[in-house]
Amino acid sequence: MVQCDDRSETTTRPATEPFPDGFLWGASTAGHQIEGGNLSSDMWGSEWAEGSVFAEPSGDACDSYHRFAEDVALVADAGLGAYRFSIEWSRVEPEDGWISRAALDHYRRVIGECRERDVTPVVSFNHFSTPRWFADRGGWTSGDAAERFGRYCEVTAGHVGDLIEWACTLNEPNLSAALRHIGVAPVGGGVGGGDVHPGPTEAERARIAELRARSAQTYPATMPAFQGAPVEVMAAAHRRGVEAIRSGPGDAKVGWTLALIDVQAVDGGEARRDEAVELAQGVWLDVSAGDDFVGVQTYTRERIGPDGIVARPDGAETMLTGWEVYPPALEHSVRAAAARAGVPVLVTEHGCATDDDELRIRSTTEGLEGLRRCIADGIDVRGYLHWSLLDNFEWISGFGVTFGLVAVDRTTFERTPKPSLQWLGEVARRNGLR
């Protein structure tokens, strides 16, 4: 369970020692957020629906469907050895039961490009977005969701599994539970696009409900991350996906990735904290037992008292999302995941939404120091994948929230590496912070 206060469980050994041999250093992306033109996705429909909760549509995004070789080259040339990206279910199976061989061939080329550049592909089979037909059937709440997802994983793994070393079935299936049980309320642009506080006003609450209801009239299963199914449903889909991927060619390590907010109790909030963490994280981490790894994705902390979320400390640095810049969250979340799941940890997302690249480097450095302490204490951490490679489409927030190591021109799609990309590449080349 995540720590209840500011104290870290740290070793006295230096956090600057080299990382283990074979440690994966890389960056992450997701298909719908970078590819562009994902017309068969439920997200695309939601983005264009009247009264949409999205600040803007994804459109061409970063045009990575066509420019994937540039993106892989950015990873390789920087000195990073791993690239996490997702296969879009809606491209592979745009209609129920109809499989696009051309889409499968495309993703095989993406994976092949990684291998040619000595970049380890870390492949997500689902990163939030689903086909429209799946959403129309009820999405993850439909009775046959697990079987439909398993069928997609089986077909996809059969086509590309021989080239994959790491596979993630589902991305952050617990995010809806985390936001609900912890009590974080989205304001303005929504999660990832506005500030958060202990409770929105009645007018704000009504506006959020109105926007979601109007959007849901067209696509009832839109934004599965925020209208998620219970752990039992998503666990069944995950298990079916694991079975399908393992039964295909190759010998990929398989797990899922979870959103782990560092929840801390203040002013007598221990009971509420414990209940929230158990329901939002603990029972989900239990599902990872028997997997090859669990993907840890963490960005910040939330402090919770007996009446709910407590405001950020005065003077705290914040990201463009409104989240507090709190580097110890990475160490706390990795320790919590390893202790509860009992399997190796792969950090599949961690970063800072900011237009200040010096802040990105500084906060990431402090996070990695904590990660090194975890390893020194014997926790099996296999790698660190930064979110994100590119300034991309950040869901409800559109393109205004920048997590990327690389800037992308919205008109020409020209990629411009930031100093943070070179910095992280140097860390990877020496396999250590110093």
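Rounded to the nearest 0.05, what FRET efficiency do R180 and D355 give with R0 = 30 Å and r taken as the Cβ-Cβ distance? Could you check?
After rounding, the FRET efficiency stands at 0.45.
Distance between the modelled labels on R434 and A73, one decimal in nanometres: 3.7 nm (7 Å Cα→Cβ projection).
For the chain, give me the percentage of DSSP beta bridges that are antiparallel, rounded to the nearest 5 percent.
25 percent
Residue order for F128, F23, fewest other beta carbons within 10 angstrom first, comes to F23, F128.
Positive end of the dipole of the range 22-111 (Cβ unit charges, origin at the Cα centre): among S100, A78, S90, the Cα lying farthest that way belongs to A78. Ellipticity at 222 nm from helices only: DSSP H runs of n ≥ 4 in the chain, each -39500 (n - 2.57), divided by the residue count, give -11500 deg cm²/dmol. Counting only the backbone N, which residues of the range 18-33 are under 19 Å from the spot 7 Å out from the Cα of H66 toward its beta-carbon? What the label zone holds, given the 19 Å backbone N cut-off, is 31-33. Once you sort the root eigenvalues of the Cα gyration tensor of the range 24-430 as a ≥ b ≥ c, which label holds: rounded (a/c under 1.5), prolate (a/b larger than b/c) or oblate (the other case)? Note, shape of the range 24-430 comes out rounded. With neighbour counts taken as other beta-carbon atoms within 10 Å, the residues W44, W395 rank, fewest first, as W44, W395.
For the range 346-379, backbone nitrogen atoms closer than 16 Å to the point 7 Å from E426 Cα along Cα-to-C-beta are found at 357-366. With the contact rule set at Cα under 8 Å and sequence spacing of 6 or more, what percent relative contact order holds for the range 24-430? About 20 percent, as a whole number.
Label zone of E232 (point 7 Å out along Cα→Cβ, amide N under 17 Å): in the range 131-169 this covers 140-147. Can you tell me the length gained on complete extension of the stretch A289 to A311, counting 0.36 nm per residue apart and subtracting the Cα distance? The span from A289 to A311 would gain 4.4 nm if fully extended. Taken as Cα centroids, the range 50-79 and the range 375-434 sit 13 Å apart, rounded to the nearest whole angstrom. Fewest neighbouring Cβ atoms within 10 Å first, the residues D118, D162, D71 line up as D118, D162, D71. What number comes out for the charge environment of W133, summing +1 per Lys or Arg and -1 per Asp or Glu over other residues with Cβ under 15 Å away? Result for the local shell: -3.
Of the peptides 409-420, 86-97, the order by per-residue mean of other Cβ atoms within 10 Å, starting with the highest, comes out as 86-97, 409-420.
To the nearest 0.05, how large is the calculated FRET efficiency for E116 and E147 if R₀ is 45 Å and r is the Cβ-Cβ distance? Before the final figure, lay out the partial values.
Details: r = 35 Å, r/R0 = 0.78.
The computed FRET efficiency comes out at 0.80.
Since every read-out is calculated from the coordinates, none of them should be taken as a lab result. These numbers come from a predicted model, not from an experiment. As a convention, Cβ positions derive from the backbone with ideal geometry for all residues, glycine included, and neighbour counts pool all protein chains shown.
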